[in-house]
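Working notes, structure below.
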Amino acid sequence: MLEQKTISQIATLIEKDWKNIYFGAKPYLEAMRSLESINDNYICDSGSSVIAYFLSNAITWRGPVAREVKKELNNRLKTARG
C-alpha cells in the first residue's frame, strides 16, 4: 500500500494520523509535502536527508500507522543509500 505512495502523499497521511505533531518534526514534514520521491531535493537538502531528519524527530509518533509509515520511509532510505 505505502510502497506506491509519493512522499507528499505519505506526508498527508502523517498529518491526518499524528494529532500533536512534535515541533521538531514539523519543518521536515512540511518539506516532505513538496517531494514526490526520496530522490527529489527540497531547496538545498536532499529528499533522503529530509526524511532522515523527520524520522529522527518523529520518535513520539506512535501507533499502527506510525509503525507502517516509519518502516516504509526507512526502507526507502536504505534503498536510496544503496
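No value in this document is a laboratory result; all are computed from the given coordinates. Bear in mind that the values here come from a model prediction, so they are computed numbers and not experimental data. Please note: Cβ atoms are built from the backbone with ideal geometry, for glycine as well, and neighbour counts cover all protein chains shown.
Taking a ≥ b ≥ c as the square roots of the eigenvalues of the Cα gyration tensor of the stretch 1-54, is the shape rounded (a/c under 1.5), prolate (a/b larger than b/c) or oblate? Oblate, since a/c reaches 1.5 and b/c is not below a/b. Selection among 79, 66, 27 by position relative to the dipole of the stretch 2-81 gives 66 as farthest towards the positive end (Cβ unit charges, Cα centre). If you count Lys pairs in the chain whose Cα atoms are under 14 Å apart, skipping same-chain pairs closer than 8 places in sequence, the total is 4.
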